[in-house]
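A short write-up of the structure that comes next.
The values are calculated or read from the model by the stated rules, or taken from the named source; none is laboratory data. Quantities reported herein were computed from a predicted structural model and do not represent experimental measurements. Note that we place each Cβ from the backbone using ideal geometry, even for glycine, and neighbour counts take in every protein chain shown. What goes into the accessible areas is simple: the full protein's heavy atoms, side chains included, and nothing from ligands, DNA or RNA. Shrake-Rupley method; radii C 1.70, N 1.55, O 1.52, S 1.80 Å.
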Amino acid sequence: MNKMTRQFEGYSFIGLWIIGFMAFSLGPLLFSLIISFFKWSLLDKPVFIGLKNYIDMFKLDPLFWKSLKVTFTYAVVSVPLGLIVSLLLAILLNLKLKGMGIFRTLFYLPSVITGVAAAVLWMWVLQPDFGILNYFLSFLGIQGPDWLGDPNWALTSLIMMSVWGSGGGIVIFLAGLQNIPQLLYDVSSIDGATKFRQFRAITIPMITPSIFFNLIMGVIGAFRTFTQGYVMTNGGPLNSTYFYALYIYNKAFQDLQMGYAAALSWILFIIIAVLTLLVFKTSSSWVYYETERKG
């Protein structure tokens with residue numbers, strides 16, 4: 001069998017995937033870039049307007065900056081908070097206790113609930129009059145706020161919801177914790193290291209690949225947040241939960257400004273790409289891989 005025959009067989013095996021990628025991923029991606037330079041309402045013929053969509057976005061659209069601010073605020077708070085909570089819960093779930101498998105399953109379950117179902121569930125939890133959260137706060141003599149109806153609490157409520165669904169991050173951290181050699185802890189205990197010292201000098205460095213992965217996925221997920229704002233608050237009250245992805249949706253399918261929505265989407269793509277690249281660039285100074293030896 002010559003080289004050309006082997007190459008043909010290889011491409012024939014992946015041919016269907018290439019066709020699907022071209023038709024459903026790369027093709028729409030390039031089309032959205034092209035249409036971002038047009039004015040198009042889906043009902044009329046596209047009209048080329050050059051960079052006008054991008055210029056209007058930055059100069060004449062206050063909702064662009066508002067939605068961007070809401071999304072950045074959500075990401076800056078929810079991503080680190082999710083990492084911390086996921087790590088602490090993973091440490092607890094890594095303990096060698098009887099029945100721990102049941103607790104691991106219970107903590108992971110929220111992450112498999114679909115976005116709309118989780119949103120409806122949390123709308124009930126956060127309901128100001130008969131919601132379960134305010135019901136428990138009443139036992140402490142605390143008058144719970146209108147979580148989703150108060151601009152000062154709406155975004156905080158959605159951040160709490162994001163932490164509740166951190167089961168995927170817990171699993172990643174748990175896998176990283178179980179991959180740490182017990183010998184390291186035993187030797188450090190002989191040297192007199194405290195539990196906190198072990199956590200800082202052994203646990204954290206050894207799970208930095210898990211932190212790196214969860215950080216990347218958390219940043220991407222935070223900037224793509226849509227369901228919570230659409231189902232639970234519709235961007236309100238007073239645009240306090242008006243996420244950037246929700247703004248793109250409204251421009252595309254309510255205002256029928258497909259060209260403008262495409263331009264918004266590409267700005268989001270650039271933001272996520274830049275932030276992801278920054279994390280990758282800085283990872284060499286804080287991510288430790290056991291197979292690598294840093295100089």
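If the condition is being open to solvent by 80 Å² or more (accessible area, probe 1.4 Å), more than 15 Å from Ile248 (Cα to Cα) and either under 30 Å from the mean Cα position of the chain (by Cα) or aliphatic (A, V, I, L, M) (or both), then region 48-67 contributes Leu51, Ile55, Lys59, Leu60. Considering the conditions (1) without any contact (Cβ under 8 Å) to a residue 60 or more places away in the chain; (2) assigned to a helix (DSSP H, G or I), Ser32 is excluded by exactly one of them, (1). The lone criterion from (1) crowded, with 16+ Cβ neighbours inside 10 Å; (2) assigned to a loop (DSSP other than H, G, I, E, B) left unmet by Lys98 is number (1).
Is there a residue in region 15-32 that is among the β-branched types (Val, Ile, Thr), modelled with pLDDT under 90 and open to solvent by less than 90 Å² (accessible area, probe 1.4 Å)? Yes, there is a match, as at least one residue in region 15-32 is among the β-branched types (Val, Ile, Thr), modelled with pLDDT under 90 and open to solvent by less than 90 Å² (accessible area, probe 1.4 Å).
If you go through region 251-267 and keep only what is open to solvent by 30 Å² or more (accessible area, probe 1.4 Å) and hydroxyl-bearing (Ser, Thr, Tyr), you end up with just Ser265. Scan region 89-104 and give yes if some residue there is of a type in the set (A, V, I, L, M, F, W, C) and farther than 24 Å from Ser166 by Cα, otherwise no. There is no residue in region 89-104 that is of a type in the set (A, V, I, L, M, F, W, C) and farther than 24 Å from Ser166 by Cα. Out of all the residues in region 145-157, is one or more in a helix (DSSP H, G or I), modelled with pLDDT of 90 or more and hydrophobic (A, V, I, L, M, F, W, C)? So far as region 145-157 goes, yes, one or more of its residues are in a helix (DSSP H, G or I), modelled with pLDDT of 90 or more and hydrophobic (A, V, I, L, M, F, W, C). Here the condition is being open to solvent by 60 Å² or more (accessible area, probe 1.4 Å), outside any loop (DSSP other than H, G, I, E, B) and not hydrophobic (A, V, I, L, M, F, W, C); of Tyr230, Tyr289, it holds for Tyr230 alone. Among the residues of region 40-59, those identified as closer than 13 Å to Ala263 by Cα and part of a loop (DSSP other than H, G, I, E, B) are Trp40, Ile49, Gly50, Leu51.
One line per residue, one yes/no per condition, for (1) among the hydroxyl-bearing types (Ser, Thr, Tyr); (2) at pLDDT 95 or above; (3) surrounded by fewer than 17 Cβ atoms within 10 Å (Cβ to Cβ); (4) closer than 23 Å to Trp65 by Cβ:
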{"site": "Gln178", "(1), (2), (3), (4)": "no, no, yes, no"}
{"site": "Pro181", "(1), (2), (3), (4)": "no, no, yes, no"}
{"site": "Ile190", "(1), (2), (3), (4)": "no, no, yes, no"}
{"site": "Leu215", "(1), (2), (3), (4)": "no, yes, no, no"}
{"site": "Arg224", "(1), (2), (3), (4)": "no, no, yes, yes"}
{"site": "Leu246", "(1), (2), (3), (4)": "no, yes, no, yes"}
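Screening the candidates Asn152, Asn134 for the property of being crowded, with 18+ Cβ neighbours inside 10 Å, polar (S, T, N, Q), out of contact with any strand residue (DSSP E or B) (no Cβ under 7 Å at 6 or more places or on another chain) and more than 23 Å from Leu109 (Cα to Cα) yields one hit, Asn134.
Residue-level check: of (1) within 21 Å of the chain's Cα centre (by Cα); (2) in a helix (DSSP H, G or I); (3) closer than 30 Å to Met123 by Cα, Leu278 misses just (3). Do we find that Val70 is part of a helix (DSSP H, G or I), free of Cβ contacts under 8 Å to residues at least 60 places away in the same chain and under 30 Å from Met160 (Cα atoms) in this structure? No, not satisfied.
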